[in-house]
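Just below is one structure, and these are the notes that go with it.
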Amino acid sequence: MSDTTLTTPSTAMHSVKLTDAAATKVKNLLEQEGRDDLRLRVAVQPGGCSGLIYQLYFDERFLEGDETVDFDGVEVIVDNMSVPYLDGASIDFKDTISEQGFTIDNPNAGGSCACGDSFH
């Protein structure tokens with residue numbers, strides 16, 4: 001009798017972190033939508049005052065070259081073009097009297113604009 005081990009194709013893993021607060025907020029949003037087939041996609045696109053802008057959105061697709069990490073049931077996807085710009089970045093969710101929303105702390109950002117939406 002041979003011992004056959006089934007293996008699944010390995011998926012590259014990015015180094016973007018998701019805080020517990022951000023993971024909880026994403027789970028709540030997905031529950032409100034009634035969807036369990038969506039992933040949180042984080043991307044960097046050209047634009048904004050400083051040259052690059054962040055994009056966070058729900059995506060049902062998994063594209064070739066995507067890198068993924070699961071944070072307690074929340075799958076975070078980063079496309080291979082954005083990975084170098086987001087290496088070591090951390091996504092948090094703040095809900096205070098002065099600010100509400102997702103924030104990205106990115107050690108690769110050389111600077112940002114006054115609006116805080118773009119970086120270089």
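The values are calculated or read from the model by the stated rules, or taken from the named source; none is laboratory data. All of these numbers come straight from a predicted model, not from anything done at the bench. Cβ sites come from the backbone with ideal geometry, for glycine too, and all protein chains shown count toward neighbours. Ligands, DNA and RNA are stripped out before the accessible areas are found, and what is left, the full protein with its side chains, is counted by its heavy atoms. Shrake-Rupley method; radii C 1.70, N 1.55, O 1.52, S 1.80 Å.
Select, from 32, 55, the only residue that is loosely packed, with under 14 Cβ neighbours inside 10 Å, under 10 Å from the mean Cα position of the chain (by Cα) and not small (Gly, Ala, Ser). Don't jump to the end; show me each part of the working.
Numbers: 32 fails: under 10 Å from the mean Cα position of the chain (by Cα).
None of the others qualify; the one that does is 55.
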- Task: Go through region 35-51 residue by residue and tally those that are open to solvent by less than 60 Å² (accessible area, probe 1.4 Å), at negative phi and not β-branched (Val, Ile, Thr).
- Result: 6
